[in-house]
Amino acid sequence: MRKYLKSVAIVGAIISTWSLGIIGNTLAQENTFDLVLRILKGENCQGSTEIKYRSQSLISPDGKTSVYYDVVLRRLGQPDSRLRGPARTRYCMPFKGKTVSARMIIQKDSGQIIKDLPIVPEHLVLLTPVSFSTESRYLIEESQVSNGFSSYTSYRIIDSKNNFKPLSLSPCQKSQFGGQYKGFISTNEIVFECNHDQRAEKIYEILNLQQRFIRLESIQFENPNSPPTSTYGSISRPFSVVKVQQFPK
């Protein structure tokens with residue numbers, strides 16, 4: 001696999017009461033990406049469903065920069081697709097989804113910057129700004145990628161002093177299931193848990209921003225005696241689904 005809502009506006013179509021109930025009642029209890037997938041997969045099987053979401057907006061520690069993502073996802077209707085599975089978890093199968101577009105929106109004192117991002121069209125992606133570095137230069141971007149049934153999580157380190165381009169250094173590149181951001185253990189060091197094998201011992205990578213180097217670490221960061229981790233920045237607006245559209249077959 002490594003290879004690869006509270007606000008809803010309905011345009012040009014009517015979304016079912018079932019999906020509205022999912023959005024209103026489940027957001028606080030369910031992983032955001034799982035929720036988006038349920039809306040995409042749960043009805044209108046022979047037609048297409050499209051979602052535009054807006055990630056949480058994260059403000060840098062110095063208060064000078066805020067970042068969020070606007071992304072459009074689509075499930076493509078197929079003539080032979082039907083609702084299958086148990087009543088509470090019925091999905092449209094076969095399933096074919098894609099990421100239509102993804103943009104990073106950067107708000108600075110000098111104005112707004114919009115960056116169109118490269119996408120993997122045949123997969124669905126949930127982008128989230130999870131933390132800045134202490135001095136506000138670097139942004140940790142989380143990318144959850146799914147084919148509709150299985151997924152992995154990867155990270156990019158974005159350099160605001162280099163036109164918001166990602167570093168060539170990325171954690172957990174050899175991990176089959178991606179990784180998980182754990183936090184900063186110092187001004188320049190970030191810890192990631194790499195899921196090389198779900199049954200094996202956890203492996204941690206520490207990315208050093210100053211030296212541009214990644215080292216392996218055997219410390220279990222969930223242990224009481226492990227170094228404390230920190231996350232920087234403040235959330236000014238939570239995740240929301242901006243628009244849901246359904247198109248007939």
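The values are calculated or read from the model by the stated rules, or taken from the named source; none is laboratory data. Predicted model only: the values in this text are computed from it and were never measured. Positions of Cβ are backbone-derived with ideal geometry, glycine not excepted, and every protein chain shown enters the neighbour counts. Only protein heavy atoms, including side chains, enter the accessible area calculation; ligands, DNA and RNA are left aside. Shrake-Rupley method; radii C 1.70, N 1.55, O 1.52, S 1.80 Å.
Only one of (1) in contact with a helix residue (DSSP H, G or I) (Cβ under 6 Å, 6 or more places away or on another chain); (2) open to solvent by 30 Å² or more (accessible area, probe 1.4 Å); (3) not charged (D, E, K, R) fails for V120. Which number is that?
The single condition V120 does not satisfy is (1).
Which of the residues that make up segment 129-146 are in a strand (DSSP E or B), in contact with a helix residue (DSSP H, G or I) (Cβ under 8 Å, 6 or more places away or on another chain) and at pLDDT 95 or above? Before you say what the answer is, go through the steps one by one.
Of all residues in segment 129-146, those in a strand (DSSP E or B) come to 129-132, 138-146.
Of the ones still in play, those that are also in contact with a helix residue (DSSP H, G or I) (Cβ under 8 Å, 6 or more places away or on another chain) are 138-139, 144, 146.
Selection gives Y138, L139.
Considering (1) open to solvent by 50 Å² or more (accessible area, probe 1.4 Å); (2) assigned to a loop (DSSP other than H, G, I, E, B); (3) closer than 22 Å to F33 by Cα; (4) not acidic (D, E), say which one K98 fails and leave the rest.
(2)
In segment 156-174, what count of residues is obtained for those that are open to solvent by 10 Å² or more (accessible area, probe 1.4 Å), in a strand (DSSP E or B) and within 19 Å of E193 (Cα to Cα)? Spell out how you get there, then give the answer.
Quick first cut of segment 156-174, residues open to solvent by 10 Å² or more (accessible area, probe 1.4 Å) only: 156, 160-170, 173-174.
When the remaining residues are screened for being in a strand (DSSP E or B), the result is 156, 165-166.
Cutting the leftovers down to within 19 Å of E193 (Cα to Cα) gives us 156.
Matching residues across segment 156-174 total 1.
Looking at segment 29-80, which of its residues are within 15 Å of R237 (Cα to Cα), open to solvent by less than 30 Å² (accessible area, probe 1.4 Å) and not acidic (D, E)?
Y53, S55, S57, L58, S60, T65, S66, V67, Y69
For the condition modelled with pLDDT of 85 or more and closer than 23 Å to S101 by Cβ, what is the one hit in G63, G47?
G47
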